[in-house]
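Inspection log for the structure reproduced underneath, given as structure tokens.
Values quoted throughout were computed directly from the atomic coordinates according to the rules given, and no laboratory measurement underlies them. Source: prediction; values computed, not measured. In this analysis, Cβ positions are derived from the backbone assuming ideal geometry, glycine residues included, and neighbour counts consider all displayed protein chains.
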Amino acid sequence: MRKKIIAGNWKMNNDLNESQSLVSGIISGLGSDDKCEVIVCPPFTSLNEVHSLVKDSPVKLGAQNMFFEESGAYTGEISASMLKSVGCEYVILGHSERRTIFGESDEWINKKIKKAIESGLKVIFCVGETLAQREEGETDAVVKNQIINGLQNVTSENLKTITIAYEPIWAIGTGKTASPAQAQEVHAFIRNLIEEIYSKESAENLIIQYGGSVKPDNAASLLSQPDIDGALVGGACLKPASFLSIIASA
Ligand code: PGA
């Protein structure tokens with residue numbers, strides 16, 4: 001059985017003090033059972049201090065982005081080894097906000113994925129369609145393209161350290177969630193695609209998280225779908241109570 005993963009993407013929220021208090025609230029409210037993996041992804045400026053708070057807890061640390069070069073003249077960027085050095089185990093790559101606001105291409109995302117894996121980071125690889133693409137019936141084609149391009153030259157061994165997060169762009173931060181059936185349909189499509197590209201075993205082991213306005217009141221119905229193995233949570237991860245409630249649903 002696949003272990004569920006609940007990850008909180010804090011985005012550009014929380015200064016250092018706010019980060020410490022949020023993560024402390026999450027840790028103190030967590031039960032001891034390990035049926036589900038919990039990850040927090042604070043902004044870069046809080047990673048080190050959040051790591052010192054989570055390191056003796058079940059909570060894992062992730063970053064929201066990284067660059068694919070090792071080091072050098074890349075003003076404003078952060079490398080995989082820098083993330084490792086402050087205790088990150090995961091990194092989110094290919095988030096739709098990186099794709100649309102910061103112009104990241106599939107090619108860049110693929111380079112980042114390969115660099116992250118080579119550096120020993122686990123990847124949460126985000127894919128998803130816009131509302132216009134969904135209305136045009138292009139969801140499967142868009143998601144397929146993003147996955148094929150993003151996973152170029154990623155071996156089945158490496159795929160074991162990747163989870164895919166299906167995040168329909170029209171559901172992110174909008175309060176509109178894909179219905180459990182809509183999400184399940186795309187998750188099943190992704191799993192079949194992974195079986196075609198890799199193998200049945202790779203497909204069965206792949207964790208596919210759903211993201212897009214996951215809240216305490218819709219988490220259970222989404223997470224009960226057979227191919228939904230977790231959630232990538234934005235807005236609802238910024239308060240311990242709502243994040244903990246989503247974790248409890250998992
Ligand atoms: P949301 O964000 O939960 O606020 O919709 C999810 C995400 O962007 O990962």
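Scanning region 197-241 for residues that are within 28 Å of residue 153 (Cβ to Cβ) and either free of Cβ contacts under 8 Å to residues at least 24 places away in the same chain or away from the ligand (no atom under 16 Å from the Cβ) (or both) yields 197, 198, 199, 200, 201, 202, 203, 204, 205, 206, 227. Can you name the residue in region 166-196 that is of a type in the set (Gly, Ala, Ser), closer than 11 Å to residue 228 by Cβ and crowded, with 20+ Cβ neighbours inside 10 Å and, of all such residues, is farthest from the ligand (Cβ to nearest atom)? Only one residue tops the list, namely 183. If you filter region 151-165 down to residues that are within 18 Å of the chain's Cα centre (by Cα) and hydroxyl-bearing (Ser, Thr, Tyr), you find that the one that is farthest from the ligand (Cβ to nearest atom) is 161. When 112, 144 are checked against the criterion of being surrounded by fewer than 21 Cβ atoms within 10 Å (Cβ to Cβ), of a type in the set (Lys, Arg) and away from the ligand (no atom under 16 Å from the Cβ), a single residue qualifies: 144. For residue 122, state whether it is of a type in the set (Lys, Arg), under 16 Å from the mean Cα position of the chain (by Cα) and within 27 Å of residue 223 (Cβ to Cβ). Answer is yes for this residue. Residues in region 83-139 that are part of a helix (DSSP H, G or I), closer than 14 Å to residue 62 by Cα and charged (D, E, K, R): 1 in all.
Whenever a residue of region 33-46 is charged (D, E, K, R), its partners that are in a strand (DSSP E or B), lying with C-beta atoms within less than 8 angstrom and at least six residues away or across chains, give the pairs 35/4; 37/4; 37/5; 37/6; 37/60; 37/230. Scanning region 42-97 for residues that are within 16 Å of the ligand (Cβ to nearest atom) and under 22 Å from residue 151 (Cβ atoms) turns up 62, 63, 64, 65, 90, 91, 92, 93, 94, 95, 96, 97.
Which residues, taken from region 212-226, are surrounded by fewer than 20 Cβ atoms within 10 Å (Cβ to Cβ) and either part of a loop (DSSP other than H, G, I, E, B) or β-branched (Val, Ile, Thr) (or both)? Once the filter is applied, which keeps residues that are surrounded by fewer than 20 Cβ atoms within 10 Å (Cβ to Cβ) and either part of a loop (DSSP other than H, G, I, E, B) or β-branched (Val, Ile, Thr) (or both), region 212-226 yields 215, 224, 225, 226. For the criterion of being within 20 Å of residue 235 (Cβ to Cβ) and more than 14 Å from the ligand (Cβ to nearest atom), residue 37 fails.
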